[in-house]
Amino acid sequence: MQRRATLVTATAATALALLIAGTPAAHTADQQTAFAPGALVSQDIATAGAGSPYYRIPALTRTVKGTLIAAYDARPTLADLPGNLGIVLRRSTDGGATWQPQQVVRKDPAPQGYGDPSLLVDRQTGRIFVFYAASVNQGFFGSATGNDESDPNVLQADYSYSDNDGLTWKHERITAEIKNPAWAGMFAASGEGIQLRHGKYAGRLIQQYAIRHNGANYAVSAYSDDHGATWRTGTPVGPGGDENKTVELSDGRIMLNNRSAPYRTVAYSTDGGVTYTPFQQDRELPDPANNGSVMRFAPDVPASHPRASWLMFSNTAATGSRSNLTVRLSCDNGQNWPVRKTAEAGSAAYSTLTPLSDGTAANPRVGLLWERANYQHITYSSFDLKWLGGVCAPVTVTPPASLPAGRTTEVTVRVVSQNDVDLPSGTVSLKLPAGWSAPSVTVPALRPGQGANMKIPVTVPANAAAGAVPTTATYLVRGWQRSYGDGTLTVTAP
């Protein structure tokens, strides 16, 4: 395939506009306590009205040199493309404690616009990519079919790349390479792409896209096996696709995690992201149709490593609003998500995660970039396993067919250890409505892979209304590590 021509070169000094946001005060903690174990440390790195009327759509990565790069849209309004949007970024060379002034990656005069960045680092070459959509007249829903790279009515697929750790950027257009002419709108799913580390397709770069075909939305992987010299797209999965992320599993498969309400949907690939299984709901991941993030906790470790199957996920874990930003941990390639912690109970929106180390230390940190306070801030947070406070032990609630009002009935709760070391004895309890009662029950010490069933006597008040009652079982071990399992109890008349 003939090599594309480079479009433009941008630097912090020669870019059309340099939007300086400054360094705001820390949102949560000062730098002296920034990396204290067990802390969620946050600071706003972009604020609406400081350098640009609005900022949206966070992307985050860590380069091969250890530099953190946070990219996002600078917008004249909160509206998506088409519009005179630009891609900007900030860099941190001290692990996120401080951030350099904001620089422009790409910005051109109206009506041109660039939006929805997704970062991707080639760990073999060190090249950094930032993918985004480019518009003149039309956005995703209005885009024409075809892949003419000069058509102002086609939403274009562009990216910028840096070979000097994010200091300067050059731009490419790959619409003709990756867009099927039958598709209408197409845009890169913001956040972070992946590079496969293991197996037959090791080294492959994968960036996710959402595409529109025959009035429906699909998800599709764009991939490169030659370090970005050429790109191809696989087979779309859908309908029902939207902004989506992928993660390499320890068994060599790729899991695609897709924005969808009221629950996230997932699909799997065994051929390096070329084709996927049909979508299925993950009912442990509630979602209001918002962009989230999934990452492999220790992406470089071999499949035999205890943390090879650890995944982390973030989204606004609600079904009715963009709120309750939650971080979760799975210890079995996403089959269960027993560990969860709320990072922000109030208003939040898009989020993206990236590892800050190889994930093998006793208490490694993870970076989280997210939209806070009704899109007023782009906020960078970091946390460690101690803050997450979880234990690899899925919890399953198995209630009886019914719980008669006014009686005591046993509910079975099962805990299975996925730890690689023994767990001491702990307790399990149920969250129940006011007026109900149930004791905490002792969970015996568990060896790796061992499970235990506990019978919890639940007393339902006589005046309880018949119907479904949600409950959450909490497993507590060592006094601070928790895992959770959700279930539904059905109340019947006495």
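The values are calculated or read from the model by the stated rules, or taken from the named source; none is laboratory data. Computed from a predicted model, the values in this text were never measured in an experiment. Quick reminder, even Gly has a Cβ in these numbers, built from the backbone with ideal geometry, and neighbours come from all protein chains shown.
Would you mention how many residues in segment 230-268 are assigned to a loop (DSSP other than H, G, I, E, B) and in contact with a Lys or Arg (Cβ under 7 Å, 6 or more places away or on another chain)?
2
With respect to V327, determine if the residue is assigned to a loop (DSSP other than H, G, I, E, B), surrounded by 19 or more Cβ atoms within 10 Å (Cβ to Cβ), at pLDDT 95 or above and among the aliphatic types (A, V, I, L, M).
no
Out of A222, A298, A210, report the one residue that is under 19 Å from W337 (Cβ atoms) and either in a strand (DSSP E or B) or under 20 Å from the mean Cα position of the chain (by Cα) (or both).
Being under 19 Å from W337 (Cβ atoms) and either in a strand (DSSP E or B) or under 20 Å from the mean Cα position of the chain (by Cα) (or both) holds for just one of A222, A298, A210, which is A298.
Residue check, W169 against (1) assigned to a loop (DSSP other than H, G, I, E, B); (2) more than 14 Å from I211 (Cα to Cα); (3) within 27 Å of the chain's Cα centre (by Cα), all met but one. Which one?
Among (1) assigned to a loop (DSSP other than H, G, I, E, B); (2) more than 14 Å from I211 (Cα to Cα); (3) within 27 Å of the chain's Cα centre (by Cα), the lone unmet condition for W169 is (1).
Across segment 83-102, what is the number of residues that are in contact (Cβ under 8 Å) with a residue 40 or more places away in the chain, in a loop (DSSP other than H, G, I, E, B) and within 19 Å of S42 (Cβ to Cβ)?
6
Scan segment 353-364 residue by residue and report those that are surrounded by 21 or more Cβ atoms within 10 Å (Cβ to Cβ) and in contact with a strand residue (DSSP E or B) (Cβ under 6 Å, 6 or more places away or on another chain).
L353, T354
Would segment 337-352 turn up any residue that is touching a strand residue (DSSP E or B) at 6+ places or on another chain (Cβ under 7 Å), under 16 Å from L285 (Cα atoms) and in a loop (DSSP other than H, G, I, E, B)?
So far as segment 337-352 goes, yes, one or more of its residues are touching a strand residue (DSSP E or B) at 6+ places or on another chain (Cβ under 7 Å), under 16 Å from L285 (Cα atoms) and in a loop (DSSP other than H, G, I, E, B).
Among the residues of segment 69-96, which ones are of a type in the set (A, V, I, L, M, F, W, C) and under 20 Å from A50 (Cβ atoms)?
Those that are of a type in the set (A, V, I, L, M, F, W, C) and under 20 Å from A50 (Cβ atoms): I69, A70, A71, A74, L78, A79, L85, I87, V88, L89.
Matching residues to (1) of a type in the set (A, V, I, L, M); (2) in a strand (DSSP E or B):
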position	(1), (2)
E410	no, yes
T442	no, yes
P448	no, no
A452	yes, yes
P457	no, yes
P461	no, no
P494	no, no
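Name the residues in segment 103-144 that are surrounded by fewer than 17 Cβ atoms within 10 Å (Cβ to Cβ) and either in a strand (DSSP E or B) or in contact with a Pro (Cβ under 6 Å, 6 or more places away or on another chain) (or both), would you?
The one that is surrounded by fewer than 17 Cβ atoms within 10 Å (Cβ to Cβ) and either in a strand (DSSP E or B) or in contact with a Pro (Cβ under 6 Å, 6 or more places away or on another chain) (or both): N137.
Here is a yes/no grid of residues against (1) surrounded by fewer than 23 Cβ atoms within 10 Å (Cβ to Cβ); (2) touching a Pro at 6+ places or on another chain (Cβ under 9 Å); (3) assigned by the TED database to the domain that holds L81:
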{"site": "D148", "(1), (2), (3)": "yes, yes, yes"}
{"site": "D151", "(1), (2), (3)": "yes, no, yes"}
{"site": "G166", "(1), (2), (3)": "no, no, yes"}
{"site": "R173", "(1), (2), (3)": "yes, no, yes"}
{"site": "A189", "(1), (2), (3)": "no, no, yes"}
{"site": "R197", "(1), (2), (3)": "yes, yes, yes"}
{"site": "Y201", "(1), (2), (3)": "yes, no, yes"}
{"site": "Q207", "(1), (2), (3)": "no, no, yes"}
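State yes or no: is N363 of a type outside the set (D, E, K, R), in contact (Cβ under 8 Å) with a residue 40 or more places away in the chain and within 22 Å of D251 (Cα to Cα)?
no
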